[in-house]
Structure formats: structure tokens, C-alpha cells
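Note sheet for the following structure.
The values are calculated or read from the model by the stated rules, or taken from the named source; none is laboratory data. Everything numeric here is computed off the predicted structure, so don't read it as measured data. As a convention, Cβ positions derive from the backbone with ideal geometry for all residues, glycine included, and neighbour counts pool all protein chains shown. Accessible surface is based on the protein model in full, side chains and every heavy atom, while ligands, DNA and RNA are left aside. Shrake-Rupley method; radii C 1.70, N 1.55, O 1.52, S 1.80 Å.
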Amino acid sequence: MTPATESIAKDFDLLKNLSLDDALSKMANSVVDFTFRLIIAIVIFYVGRFIIRKILSFIHNVLEKRKVDLSLATFVRSFVQILLYFILIVTVVGILGIETSSFLALFASAGVAIGMALSGTLQNFAGGVLILLLKPYKVGEYIETQGYAGTVNEIQMFHTVITTPDNKTILIPNGALSTSSINNYTRQPLRRVDWSVGISYGDSFDNASKAILEILNSDPRVLKEEGRMPFVGITELADSSVNLAVRAWVHSADYWSLYFDLYNRFYTELPSKGVNFPFPQLDVHLDRQ
């Protein structure tokens, strides 16, 4: 029999030996005592929640002043918030008269059972720790993984929150991220932009190459340093066109703007320079017998 059960049994035996008036008086005192404890517990809960918010705000300011990495800062705040709320709940339970030792033992037992059932969640927590230690990506970087691509907004205890270019919020489990391939587009300061331009059979490659390089060199975003000069070459003799590989180096922040702008310039300017874009075509030969 547990201590709590023994206490209830003793109280029940005492009530049996009391008169009706004494029993009602004792019950009234118990109700008043419990009500008083409940009011104190509610006050403590709301005061504690206010204090927790102040502590979290203080931690946020300290981490921000010390210029702690944003990824680590969000993880620390999330961990401290869960820890403080757990302490607050245990305190409130103790004020209500429930044995905290029994409660903690029950919580520990439940924690083991829940931990076994939620092994994936624990894996996500461990994955979050690994991500913060190894830093494959940080808050603000653009990554592609698990079939999604977007900007990292938060690294929480169990999930990483990213925002896609079309403004969707995606939560990806940290466990999967810590063991999967991640394409980090922001980590390197420079990126190579690749275009594919098809010209007609019979068009001069030298003329097309010269026209394309003129367009590339006229754009200030295209880098013209040694080892990263713009390039044009034949990549495929396709069914209806001669496909050219066009490559240029650019700062990562200018990648998409240059990519779309130059496709537009290729389409509008190359025909005036004697470069033709072919339509799909099929040659049919008839043999008369």
C-alpha cells in the first residue's frame, strides 16, 4: 500500500468514528483548505509563467548581446523553456498537497515508457544537438533536403523550421536531417549559373558563342575573374537543335535574378544577332516503288 493510499484509509477510518457534525466540520475544513491551496497554486502558476517569460526574455537579450549563433540561441531558449515549465508544474503539484516524490517517481516511470514509445522523438532531440555541434546549416541559410527547399527560420529541439520560396512553413525532424544529405546553397559565397540554349542546325556556333558572351560580359553581376570567366560550348546535337551549355559565375545572392534576367535577354536579343531558335521538326522520306 502506498503512502497516499494509507493516508486516505486513515482519514476514512477517522470519519467513521466521528459524529455527523464533526464529520461535516472536518469535510468543510478540508474543502476550505483545498480551496486555499488551489487558489495559491493558481496564483503561483500565473506568477511563475510571468517569471519564466521574463527569464526567457533575459536569456534572449544576453544571447543576442553576446552574438551567439542564432541556431544555438533558439535551441537553448526552447530547452530552457521546457525545463522551467516542468519545474513550475512540479511546484504547483506540491502546493496542491500531492507528494512530489511520488509524482517524480511516477513521471520517471512514465518517462521511460514514453521514451521507449517515442524513440523517434529522442532521435530528433539527439539530431538537433548534432546539428548545433556540426553546423551543416544555420538560421538564415537556404537549404534543400528531404524533398524540400527553403530558408531556415528556426532550429528547435525536435524540428527544423524552413520557409519555402512560395511562403510555406515546413517542419522537418532533426533526426532525419542529421543523417541525410543536405544541399546548402548559402554556405559558399559564389555559385555557377547554368543555362541551356538551343540554336538551329546551320547556324554558326562562333557567331552564337560571340553573341552570348557579349550578353554575359555586359551584365555587371557576372564575374570576369581568372578561373571564373563565362563559358559557352556545344553540349548536345539534339534531334531539332544544337544545344549550347552557357555558364557564368555569380555571387550567391544574385543567382536567381541573373538566371531569369539572362534567359529573357537570350530570347529577345539573340535573334537580332543572327541566332535562330528552332522548332521541333521531323523529316519524312517517302520511297516510291
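Can you pull out the strands (runs of 3 or more DSSP E) entirely within segment 87-163 that have at least 2 residues that are among the polar types (S, T, N, Q) and at pLDDT 80 or above? Don't jump to the end; show me each part of the working.
Details: elements: 142-145, 148-155, 159-163.
Correct list: 148-155, 159-163.
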Single residue of SER241, SER204, SER200 found to be among the hydroxyl-bearing types (Ser, Thr, Tyr), surrounded by 18 or more Cβ atoms within 10 Å (Cβ to Cβ) and closer than 22 Å to PRO280 by Cα: SER241
Can you confirm whether ARG192 is open to solvent by 60 Å² or more (accessible area, probe 1.4 Å), within 30 Å of ARG265 (Cβ to Cβ) and either at pLDDT below 90 or aromatic (Phe, Trp, Tyr) (or both)? no
Contact list please: Cβ distance under 8 Å, first residue in segment 179-194 and closer than 16 Å to THR160 by Cβ and without any contact (Cβ under 8 Å) to a residue 60 or more places away in the chain, second residue β-branched (Val, Ile, Thr) and open to solvent by less than 100 Å² (accessible area, probe 1.4 Å), pairs at least six apart or on different chains. SER180/THR145; SER181/THR145; ILE182/ILE143; ILE182/THR145; ASN183/ILE143; ASN183/THR145; ASN184/ILE143
By residue number, the members of segment 21-40 that are among the polar types (S, T, N, Q), within 54 Å of the chain's Cα centre (by Cα) and modelled with pLDDT under 80 are ASN29, SER30
Pick from SER272, SER240: which is assigned to a loop (DSSP other than H, G, I, E, B) and not basic (Lys, Arg)? SER240
Residues of segment 207-234 that turn out to be part of a strand (DSSP E or B), surrounded by 14 or more Cβ atoms within 10 Å (Cβ to Cβ) and touching a residue at least 24 places away in the same chain (Cβ under 8 Å), as a count: 1
Taking segment 216-244 and keeping residues over 15 Å from LEU270 (Cβ atoms) and of a type in the set (A, V, I, L, M, F, W, C) leaves VAL222, LEU223, MET229, PHE231, ILE234, LEU237, ALA238
